[in-house]
Amino acid sequence: MSPESTGQNEHYIRVIQRRFRTWRGNRPFWAGLFTILGGLPIAYFPYASMKLGNMTLAMSTTAGAGSLIIGVLLVTLGLTMWFHHIVRVFAGVAAILLALVSIPVANIGGFVIGFLFALIGGALSISWAPGEPKSADEAPLDEQPYEERPQERSEDALQGAAAVLPQQQGTGSDTAAEADGGSHRAG
């Protein structure tokens, strides 16, 4: 075993945490989480009932089915943001529209809690953009594995490599195209 090898002596929780952090960084994670958290109260509150002693307080309204549909769609859009992040802009716009529709349909948008979470999640989804991967040249040498570190080359080796490569010669078949100005007969 070399001291350069990584991953063999790490604790499994640290490995899981690193994998989750990488997974979370490649998609609009917080947008999906806020959208899911916005869909849950919108779908739950119209069907909620509270028991006070012997009295049951039910909050069922005529908009129960509509709020359930809006809540389920928001949860589905949140999961779509996580697992199919290519359609993040569509999912964000749809989440914002469903959040706005939930105000009159679903008990003031799940008592404003679901409305705000869904609105923030949709806005985060629209504004999220994937990060640019770091190239191997930009990363500091101590963060790169030993095998991926660039090798130092001397100028003599570079000049020797240029001397070995053959020079490309132009062919004479391009003279007709150059005489026409590079265009063909049709255009």
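The values are calculated or read from the model by the stated rules, or taken from the named source; none is laboratory data. Please read all numbers here as calculations on a predicted model, not as lab measurements. Cβ coordinates were reconstructed from backbone atoms using ideal geometry, including for glycine residues, and neighbour counts include every protein chain displayed. Remember, those area values only see protein heavy atoms, side chains included, never the ligands or the DNA or RNA. Shrake-Rupley method; radii C 1.70, N 1.55, O 1.52, S 1.80 Å.
In square angstrom, what is the accessible area per residue of the stretch 89-135 with a 1.4 angstrom probe? Could the numbers behind the result be given before it?
On the way: 2570 Å² over 47 residues.
Here the residues of the stretch 89-135 average 55 Å² of exposed surface.
Which order do peptides 31-42, 108-119 fall in by mean Cβ count within 10 Å, highest first?
On the way: 31-42: 26.0, 108-119: 21.8.
Highest mean packing first, the order is 31-42, 108-119.
Full-extension gain between ASN26 and LEU97, please, as 0.36 nm times their residue separation minus the C-alpha to C-alpha distance.
Values: separation 71, 0.36 × 71 = 25.56 nm, distance 2.51 nm.
That works out to 23.0 nm of additional length.
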